[in-house]
Amino acid sequence: MRFVFWLIVATCCVAIARAQSVTSPDFYSGWSRISDAKHEFSFTRLMYSDAGYSDWPRWQADWPEAETHFLQGLERLTRIDTDPEGRLIRLNDPDLFDYPWIYAVEVGSLHVSETEAANLREYLLRGGFLMVDDFHGPWQWQNFEDAMKQVFPERPVVELTDDDEIFHVLYDLDERKQIPGLRALRMGRTWEEGGNLPYWRGIMDDEGRVMVAINFNMDMGDAWEHADWPEYPEPYSALAYRFGVNYIVYAMTH
Amino acid sequence: MFEFLFSQSPQTWQKGEFFFASGWSLWALAICIILVTGLSASGLYRYRSAIKKSHLGIAWILQSLVASLILLMLWQPSLRVNEVFDSENRLSILLDVSASMSYGQNDTSRLQNALIALQKGPLASLQKTFKTTIYAASEDLQPLESLQELPAPGMQSNLGESLIESLELAAREPLAAVILVSDGSDNGAIAANPDWWNKLVQYDVPIHTVGIGRVKLPEDLELLDVELASSSLAGSVESAMLTLRHGRGGSATLKVYDGNSLIVKQELKLSGSSDESSHSLELPSLEPGVHELRFALEPWLGELNLKNNQQKRLLHVAEQQRRVLYVEGEPRWEYKFIRRALHNNPGIRLVSLLRTSPNKFYRQGIDSNDELIDGFPTDRESLYAYDAIVIGSFEAAQLDKHQHDNLRDFVASRGGSLLMLAGSEGLADGGWGRTSVASALPVRLPDQIKPTFSRTKVKVELSESGHRSPITKLSNNDEKNRQLWREMPEIGNYQSSGEPKPGSHTLLEFEFDGRKYPLLVQQRYGLGYSYVLATAGTWRWQMQLPSDDQRHETFWRQLLWSMVDSTPARIEVNTQNYIHADRSIKSASINLKNARFEPLPNAEVTISIDGPGGLSKTSTLKSDPDQPGVYLADFNADETGVYRIAATAIDINGEKLAENGWVLQEGNVAENFSQQQNKRWLERVAMETGGEYLSLNALENLPDLVRSKNAGIIREHSLPLWNMPFFFLAILLLKATEWLLRLRWGRI
């Protein structure tokens, strides 16, 4: 009995220490969280709360290699003046409005407070753009949808069609395939958590412009992160790069 | 009293020349006076022992003065004057019988007051001694047999034309003077012409003006003028400038109607310290088409004249969009937010060419798939098809010299507008300082020694010029406008753009390191305008302000509206400016240019005029030989209402251009305005021609006044002065004084 008690205490201590270590500001000191932008575009990753759904922060998935790799491609393939380092930001950060493009991963675990929902709404209505990625299956969709209902109770999520400009703004993405995560690939498939089919969806503004680009049942982050792995098929990485480039160019032109 | 003492009026003394009619020399007079005073002195000297010296002195002075006066009378002092000879000269009397003379108070109109004053006063005297012609002056000049035969009140006052006509009618006879009896409310076009004053003076005939009516009408509220552009872009917000005349301070309610719909209602504060005040008014965005707007002031209690409380104006909201070409060398946030600010703007189509990757351009807002398919236009015709050009972070080396020259001439010759934005490859950093475009810019770009573009946040300030510019007007209220600019978030970057050139206007500035730098600079260059906006960071205004805040959108819309508003089109129909447009002859000019915006004198131009009363008339026009590419037309607009002038032009290549113009013909409105006596104008007419201004109370002076002027047939004659009562009274007084003094001294 005594042993069990001390085991529980030790586990709690480890958990608390770990939580502090991943949330202390010093941990991200290598990343410029809040500073004057020295480039036109910064890949800004959203740090969000997952309300205890997971034992590690989901926003960290594929970080930082995903953006490190992807940004090199963005720099080479476009004329965008790109910050080679990504940035991290929270929805209640006053600097949020200085970065009109943000990326959120594994949003199947996304949880937003009332204040954060209001901030995100304002951010998007002013012209900000949100790309969400790497969430799968009906349960994760429901959770994400619930979070977005807090932001835009009245705006529906719509399917993006082949004609949508977002798929043609730089690259013509006529043939769109499900981009798998590495774990799914190792299991011999492209889907996970019951998300068999890929969906490209969006939330539009009053002028029909995409404010939120939703990549459901696919994992672009992995494709960027593992672009240099021989094990990860190059066509998926190439496609993921094109999607990423298109989303950014679209956000900077619409 | 003066005339009694000195025999002649003060005016005669002023005009006359004094001389001695005896013909004897003035030296002789002086010697005689000396001799006489000497004799008087020697005579009195005998009594020096019996009389005090002071008494002797006084007596000597008195006796000398008497003797001097007698000598002066002997020399026959006279006045030489030139006088109009009554029976040999004609006199023209112009009586204003326009509708404004019906205005009055206390049960009599101005005209009635004038008639009473003339008939009671000098008219009979003038008619006895001059050949007098009386005219009724309103729209035209009509001779009258008598004042009992007045015509109906005229609906216009063409006093300027009437005066010239009366002078010309009497040109073959000696004209002593013209007398104008009027309230001075001229609303004909001719008197506004500076040449008219020169012509009036050349006749060398004095015009005496008699002012009728009150100079101020404190009970009257008048909408004197409405300044409003005759055309605007769809989606734009137009401002009107109203001028009110009000005899007192207070407030007035203004309403603006578009047809039968009320579109604006605004309270206007009127200062009591001035009779006139100006007020700015913002009109809402109107649908494309022609709008007949009626501006109406609610009348004050007790106001008699209500017809001068309103005015009409036509506003043509263009159906066609103005085209702006925006070229960017790299995707950036400023590009996105400029496009968003102008999204769905019906008046402007923003066509953009964005270099997204090293080998790709992305086109947005294009009309067809062929537009800009080869990139930036290489020939003038394609470039000149746009009304304004915006160049962002786009290297000059992306274009060749020919394209640089086209861009410069786009402003200078085509009359387009060019805006250059900041960027890492913009302005000096893009090498633009070494191109021919630099001469068109409103700043002297710095040498490209080190990068001039900086991603540092700075605060924007409104300059003094910016306070008055429609581009930076975020509110019609000056103080509110300043506050809105003070509260604007920082911009995200800036670029050192160099010194503004002389003649340019800096509308916005920013402060850095304790020094102010120009941010938005504008200048006229040739026929067009050029602008530099030394930032690509205004997008922070949009992202840092609430989503419903429209300051960012308003700024960009107003900047681009200003840019396109000043650019000419290939075909323009210009109609005469109308204010109190009662005149039935209207004129229109059609300006025609080819695709290179050169005058087009050899086109086949047809105009169709459609108007009220079923008017429909078509005619072919020829180019004015003095103004190539300009085609002139006159037409009669006898009925009141709106007239459309539809111009169609076909050039030698068969290309067709078409445009419409609009004219509003109003009936019988001119006389309702400016009904207070225009004393200043009447005084000026009199002064310029050598006449005099008289009020109605001073009419009895008119006959003398006419005779005293040197016009018509004049004779010179002498008026003797030796028999002036002054002389006799003076002698009597001096002698009586001497007698009384002697009596007092006991020395008779």
- Query: Looking at region B:179-262, what strands (runs of 3 or more DSSP E) fall wholly within it and have at least 3 residues that are closer than 30 Å to residue B:644 by Cβ?
  - Reply: B:221-227, B:231-233, B:239-246, B:250-258
- Message: Any residue at all in region A:47-56 that's within 14 Å of chain B (Cβ to nearest Cβ), over 18 Å from the mean Cα position of the chain (by Cα) and either aliphatic (A, V, I, L, M) or open to solvent by 40 Å² or more (accessible area, probe 1.4 Å) (or both)?
- Response: no
- Are there any pairs, at least 6 apart or on different chains, whose C-beta atoms fall under 9 Å, with the first in region B:454-475 and within 17 Å of residue B:488 (Cα to Cα) and of a type in the set (A, V, I, L, M, F, W, C) and the second open to solvent by 40 Å² or more (accessible area, probe 1.4 Å) and assigned to a loop (DSSP other than H, G, I, E, B), and if so, which? B:458/B:490; B:460/B:490; B:474/B:550
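Would you check which residues across region A:116-129 are of a type in the set (A, V, I, L, M) and more than 14 Å from every other protein chain (Cβ to nearest Cβ) and list them?
Taking region A:116-129 first, the residues of a type in the set (A, V, I, L, M) are A:117-118, A:120, A:124-125.
Of everything in region A:116-129, just one residue is of a type in the set (A, V, I, L, M) and more than 14 Å from every other protein chain (Cβ to nearest Cβ), namely A:117.
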- Task: Check region A:181-201 and report whether any residue there is open to solvent by 10 Å² or more (accessible area, probe 1.4 Å) and within 22 Å of residue A:121 (Cα to Cα).
- Result: yes
- Identify the single condition in (1) of a type outside the set (Lys, Arg); (2) over 19 Å from residue B:669 (Cβ atoms); (3) open to solvent by less than 30 Å² (accessible area, probe 1.4 Å) that residue B:150 does not satisfy, given that it satisfies every other one. (3)
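On the given criteria, is residue A:206 at pLDDT 95 or above and either under 30 Å from residue B:340 (Cα atoms) or in a loop (DSSP other than H, G, I, E, B) (or both)? It would help to see each step written out before you state the result.
Working: at pLDDT 95 or above: yes; either under 30 Å from residue B:340 (Cα atoms) or in a loop (DSSP other than H, G, I, E, B) (or both): yes.
Answer is yes for this residue.
Does residue B:394 fit the bill of being open to solvent by less than 20 Å² (accessible area, probe 1.4 Å), part of a loop (DSSP other than H, G, I, E, B), more than 14 Å from every other protein chain (Cβ to nearest Cβ) and modelled with pLDDT of 95 or more?
Details: open to solvent by less than 20 Å² (accessible area, probe 1.4 Å): yes; part of a loop (DSSP other than H, G, I, E, B): yes; more than 14 Å from every other protein chain (Cβ to nearest Cβ): no; modelled with pLDDT of 95 or more: yes.
No: the conditions fail for residue B:394.
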- Message: Against the condition more than 14 Å from every other protein chain (Cβ to nearest Cβ), touching a strand residue (DSSP E or B) at 6+ places or on another chain (Cβ under 8 Å) and in contact (Cβ under 8 Å) with a residue 24 or more places away in the chain, how does residue A:144 come out, does it pass?
- Response: yes
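Among residues belonging to region A:58-83 that are in contact with an Asp or Glu (Cβ under 6 Å, 6 or more places away or on another chain) and open to solvent by 40 Å² or more (accessible area, probe 1.4 Å), point out the one that is nearest to the other protein chains (Cβ to nearest Cβ). It would help to see each step written out before you state the result.
Here is the first cut: in region A:58-83, the residues in contact with an Asp or Glu (Cβ under 6 Å, 6 or more places away or on another chain) are A:58, A:61-62, A:65-66, A:79, A:81-82.
Applying the additional criterion that residues be open to solvent by 40 Å² or more (accessible area, probe 1.4 Å) yields A:58, A:65, A:79, A:81.
Details: A:58: 27, A:65: 24, A:79: 4, A:81: 6 Å.
In this case the residue turns out to be A:79.
Is there a residue being modelled with pLDDT of 80 or more and either in contact with a Ser or Thr (Cβ under 9 Å, 6 or more places away or on another chain) or within 14 Å of chain B (Cβ to nearest Cβ) (or both) anywhere in region A:19-39? Show your work before the answer.
At the first step, the residues of region A:19-39 found to be modelled with pLDDT of 80 or more are A:38-39.
Narrowing further to those that are either in contact with a Ser or Thr (Cβ under 9 Å, 6 or more places away or on another chain) or within 14 Å of chain B (Cβ to nearest Cβ) (or both): A:38-39.
Yes: one or more hits.
Got at least one residue in region A:208-224 being open to solvent by 40 Å² or more (accessible area, probe 1.4 Å) and touching a strand residue (DSSP E or B) at 6+ places or on another chain (Cβ under 6 Å)? Write out each step before concluding.
We begin by selecting, within region A:208-224, every residue open to solvent by 40 Å² or more (accessible area, probe 1.4 Å); these are A:208.
Filter once more, so that each one left must be touching a strand residue (DSSP E or B) at 6+ places or on another chain (Cβ under 6 Å): none.
Looking through region A:208-224, none of the residues is open to solvent by 40 Å² or more (accessible area, probe 1.4 Å) and touching a strand residue (DSSP E or B) at 6+ places or on another chain (Cβ under 6 Å).
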- Item | Extreme residue, most open to solvent (accessible area, probe 1.4 Å), among residues of region B:404-426 that are away from chain A (no Cβ under 14 Å) and out of contact with any helix residue (DSSP H, G or I) (no Cβ under 8 Å at 6 or more places or on another chain) | B:413
- Item | When residues of region B:548-565 are limited to those that are within 14 Å of chain A (Cβ to nearest Cβ) and open to solvent by 10 Å² or more (accessible area, probe 1.4 Å), the one nearest to residue B:413 (Cα to Cα) | B:553
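Every residue in region B:357-391 that is of a type in the set (A, V, I, L, M, F, W, C) and assigned to a helix (DSSP H, G or I), please. Show your work before the answer.
Restricting attention to region B:357-391, the residues satisfying the condition of being of a type in the set (A, V, I, L, M, F, W, C) are B:361, B:366, B:372-373, B:376, B:383, B:385, B:388-391.
Of everything in region B:357-391, just one residue is of a type in the set (A, V, I, L, M, F, W, C) and assigned to a helix (DSSP H, G or I), namely B:383.
Here are some residues: B:282, B:319. Which one is out of contact with any Ser or Thr (no Cβ under 7 Å at 6 or more places or on another chain), modelled with pLDDT under 95 and of a type outside the set (A, V, I, L, M, F, W, C)? Steps first, answer last, please.
Numbers: B:282 fails: out of contact with any Ser or Thr (no Cβ under 7 Å at 6 or more places or on another chain).
Just one listed residue meets the conditions, B:319.
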- Message: I'd like to know if region B:361-379 contains one or more residues that are closer than 24 Å to residue B:567 by Cβ, within 14 Å of chain A (Cβ to nearest Cβ) and of a type in the set (Val, Ile, Thr).
- Response: yes
- Message: Quick check on my filter: what residues within region B:649-681 are open to solvent by 40 Å² or more (accessible area, probe 1.4 Å) and within 30 Å of residue B:601 (Cβ to Cβ)?
- Response: B:650, B:652, B:653, B:654, B:655, B:656, B:658, B:659, B:660, B:662
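Looking at residue A:170, is it under 30 Å from residue B:539 (Cα atoms), touching a strand residue (DSSP E or B) at 6+ places or on another chain (Cβ under 8 Å) and modelled with pLDDT under 95?
On the way: under 30 Å from residue B:539 (Cα atoms): yes; touching a strand residue (DSSP E or B) at 6+ places or on another chain (Cβ under 8 Å): yes; modelled with pLDDT under 95: no.
So residue A:170 fails the test.
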- Task: Could you figure out which of (1) farther than 21 Å from residue B:187 by Cβ; (2) in contact (Cβ under 8 Å) with a residue 12 or more places away in the chain isn't true of residue B:112?
- Result: (2)
- Just give me the residues in region B:315-368 being open to solvent by less than 50 Å² (accessible area, probe 1.4 Å), among the hydrophobic types (A, V, I, L, M, F, W, C), closer than 18 Å to residue A:248 by Cα and in contact with a strand residue (DSSP E or B) (Cβ under 9 Å, 6 or more places away or on another chain), in sequence order. B:333, B:338, B:353, B:354
- Message: Scan region B:432-442 and tell me whether some residue there is more than 23 Å from residue B:485 (Cα to Cα), crowded, with 17+ Cβ neighbours inside 10 Å and within 14 Å of another protein chain (Cβ to nearest Cβ).
- Response: no
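With in contact (Cβ under 8 Å) with a residue 12 or more places away in the chain and closer than 30 Å to residue B:742 by Cβ as the only criterion, which of B:102, B:78, B:125, B:68 stands out? Talk me through it step by step, then tell me what you get.
Numbers: B:102 fails: closer than 30 Å to residue B:742 by Cβ; B:78 fails: closer than 30 Å to residue B:742 by Cβ; B:125 fails: closer than 30 Å to residue B:742 by Cβ.
Residue meeting the stated conditions: B:68.
Quick one: is residue A:86 buried (at least 16 other Cβ atoms within 10 Å of the Cβ), within 25 Å of residue B:337 (Cα to Cα) and within 13 Å of another protein chain (Cβ to nearest Cβ)?
Working: buried (at least 16 other Cβ atoms within 10 Å of the Cβ): yes; within 25 Å of residue B:337 (Cα to Cα): yes; within 13 Å of another protein chain (Cβ to nearest Cβ): no.
The answer is no for residue A:86.
Just the residues that are part of a strand (DSSP E or B) and farther than 27 Å from residue B:527 by Cβ, please, taken from region B:607-631.
As a first pass, look at region B:607-631 and keep what is part of a strand (DSSP E or B): B:607-611, B:615-621, B:623-624, B:627-631.
Residues satisfying the conditions are B:608, B:609, B:610, B:611, B:615, B:616, B:617, B:618, B:619, B:620.
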- Positions within region B:316-345 being within 14 Å of chain A (Cβ to nearest Cβ) and not in a helix (DSSP H, G or I), in sequence order: B:326, B:327, B:328, B:329, B:330, B:331, B:332, B:342, B:343, B:344, B:345
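From the list A:109, A:113, which residue is farther than 24 Å from residue B:540 by Cβ, away from chain B (no Cβ under 14 Å), in contact (Cβ under 8 Å) with a residue 12 or more places away in the chain and in contact with a Lys or Arg (Cβ under 8 Å, 6 or more places away or on another chain)? Please lay out each step first, then the result.
Values: A:113 fails: in contact with a Lys or Arg (Cβ under 8 Å, 6 or more places away or on another chain).
Step by step, each of A:109, A:113 is checked, and only A:109 is farther than 24 Å from residue B:540 by Cβ, away from chain B (no Cβ under 14 Å), in contact (Cβ under 8 Å) with a residue 12 or more places away in the chain and in contact with a Lys or Arg (Cβ under 8 Å, 6 or more places away or on another chain).
The values are calculated or read from the model by the stated rules, or taken from the named source; none is laboratory data. Source: prediction; values computed, not measured. Cβ: placed from backbone, ideal geometry, glycine included. Neighbour counts: every protein chain shown. Just the protein is used for accessible areas: all its heavy atoms, side chains included, with ligands, DNA and RNA removed. Shrake-Rupley method; radii C 1.70, N 1.55, O 1.52, S 1.80 Å.
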